[in-house]
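The values are calculated or read from the model by the stated rules, or taken from the named source; none is laboratory data. Computed from a predicted model, the values in this text were never measured in an experiment. Note that each Cβ is placed from the backbone with ideal geometry, even for glycine, and that neighbours are counted across all protein chains shown.
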Amino acid sequence: MDNNIKKAFISYAWDNEEHKMWVLKFASDLRLHGVDAILDQWDARFGNDLPFFMEQGLTTSHFVLCVCSDKYVEKANGGIGGAGYEKRILASELMSGYDKKFIFPVIKGNSQTRKLPTFLAGLKYVDFDRRNYFDCYQELLERIYDIDIKRKPALGNNPFGSTAISEVITTKLNLEKIAFYSPFLEGKASFDYKRNSGAFIIGVGDYMFNTLWSECGQNSIHCYRDNEFRLGYNPTYNNFPSPNEFINFDFSSRAKSVNVGEIVLLENRKHKFAALKITKVNVRREDINHLLEFEYKIYKDIDNLSYSF
């Protein structure tokens, strides 16, 4: 691994499915910005030794991000389950003289007056419940990359005389990208297609698709295959097709004008497929707030379809 890459283990409790999805999105955003986030939903494979996975992740990472939800605080304080086991490992590290600076508490789904479990008492935390996601995420990312230290002006210098700090943050983190990315294999996307060069990323790994859009008109949008292998279109479809129906789509064009309610297929360069259904297109007279909404489904466990039609 590159010595400059920051490795972060994410410790959390499975409060509910919504909380698990929030943690998955959070970890995906970190990986998008160069942080090697270690998460059980990816890295604890079926049949693995879970205690060993937790021990290795906690003791070999540069940072541990403790997502302090109600259940996490309860389990950590009570020494229950995975959160309790991870707490014992971290507490042991701290009692051995390890610096607490490697633990970053993250507050999410926490209704307690005392937000932190006892073993983390006194640490500064980032509260995603009380502030918006992007502000909290930027603060945390700046801490991981030590930007919060680097931006402190040297004594004797005018802190308003240089734009180097904002340039470092913009170049290194490119925070706006997370507003145009969804790591899930199916779901919904909603964004201003006049921003980010009309691009929106869905999926992850081999199942990642770089969708590309531009203005067409009210209730329609141009979709392009420029970032991917092929684009398929059939105006008679308004429900997600089954894989054996892909042959009914026309894959001969670079771009298509797609109306609200219609389906477009994308094949990426790994020959995986995604279907996207346009649900809303808003065009504003001003050059702002051009809204595109679509539902999507990424097809898993189908291979080599690109060679059959």
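Observations on the structure shown:
- Residue list for segment 174-204, filter: of a type in the set (S, T, Y) and surrounded by fewer than 19 Cβ atoms within 10 Å (Cβ to Cβ): S190, S197
- Condition broken by K101, with the remaining ones in (1) at pLDDT below 85; (2) of a type in the set (K, R); (3) in a loop (DSSP other than H, G, I, E, B) satisfied: (3)
- Pair list, Cβ < 7 Å and 6+ apart or interchain, from segment 53-71 residues that are within 18 Å of Y145 (Cα to Cα) and in the same structural domain as V23 (by TED's automatic domain parsing) to residues that are surrounded by fewer than 19 Cβ atoms within 10 Å (Cβ to Cβ) and modelled with pLDDT under 85: H62/F102; F63/F102; V64/F102
- Test result for I38, among the hydrophobic types (A, V, I, L, M, F, W, C), out of contact with any helix residue (DSSP H, G or I) (no Cβ under 8 Å at 6 or more places or on another chain) and modelled with pLDDT under 90: no
- Residue match in segment 205-226 (condition: assigned by TED's automatic domain parsing to the domain that holds N268, at pLDDT below 90 and surrounded by 14 or more Cβ atoms within 10 Å (Cβ to Cβ)): no
- The set of residues in segment 238-264 being assigned to a loop (DSSP other than H, G, I, E, B) and over 19 Å from E295 (Cα atoms) consists of F251, S252, S253, R254.
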